[in-house]
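As structure tokens, the structure follows; a few thoughts come after it.
The values are calculated or read from the model by the stated rules, or taken from the named source; none is laboratory data. Everything numeric in this text was worked out from a predicted model, so none of it was measured. Because the Cβ atoms are built from the backbone with ideal geometry, glycine has one as well, and the counts that use them run over all protein chains shown.
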Amino acid sequence: MRRSRAATTFAMLVATLAVLLVAGPAGAVLNGTVDTANRFSNVGSLQIKVGADWFQFCSGTLVRSNVVLTAAHCTDFLVDVGPDGFGPDDVRITFDPEQDGPYSTVDRIAVHPDWFTQPGGSGNSKHGFLAPPAEDIALVFLDAPVVGITPAAIAGPGYLAALDLKKATFTAVGYGLDGFITGSLLSNHPFVLDDGIRSYRDVSVITEHDAFPDRFLKITASVCFGDSGGPLFHNGTVVALNTWTFSTRCTGPNLEYRTDSAAAQRFLAANL
């Protein structure tokens, strides 16, 4: 299993920003609504321990009482303890809107096996990183069931095909960055907004010029680094996962990995 791009990027960013993990090339919910009413109680914050400190790096959704659905690029370097020293014991998850606990610990992590065969890419090119067989989906199995939170449903086969995507409304949820005041991900000294609070935003689908429509939805600008792995909901059902931002300032459209895709459905059937 090759060392993930996520682990390398993480080591650099914790030392400089101490606010996020770019676990792969995707990503807070930009101009979103803070979830003070705990409307999305089943959306959690994934945190990783570096030294004595914990850092939020991705988002995920409780889909069984002890299982969290997230992105492969958030977790590929955590399946086993690798040369970077990170493994399942270094991760915890909280469903508190402000990330104040309680925390769930992790038993094991399952990543779609095809993710490890994707050839990678360069820069912000979605074609290298996201073309088949890059299946950006993973499951985090917790040590114990989460009490008092209702798991979300996951879209079944062909769910999105039954919708008029030009008229349907979706909701992106996550704990990530709120945006960049100055600079970008690639700046030497970016100035970023990070409130660390779960937020959400209604979005629409962009149907034109979508390179991978069978596996991804292209949505209007909404998510940023740290939102990766969080859900795109349609009427409370997880239809896709926050996966990719086209802009290093999070100002471009986003790609969301479809949970109703054939590859995702096979993975979910085999592991849930």
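Residues that are basic (K, R) number at least 1 in the following strands (runs of 3 or more DSSP E) confined to the range 23-90: 43-50, 53-64. Somewhere in the range 175-186, is a residue closer than 16 Å to T70 by Cα and either assigned to a strand (DSSP E or B) or modelled with pLDDT of 95 or more (or both)? No: zero hits. On the stretch given as the range 223-250, residues that are hydroxyl-bearing (S, T, Y), over 13 Å from S59 (Cα atoms) and outside any strand (DSSP E or B) total 2. Among the residues of the range 238-272, the one identified as of a type in the set (S, T, N, Q), surrounded by fewer than 20 Cβ atoms within 10 Å (Cβ to Cβ) and within 13 Å of A155 (Cβ to Cβ) is Q265.
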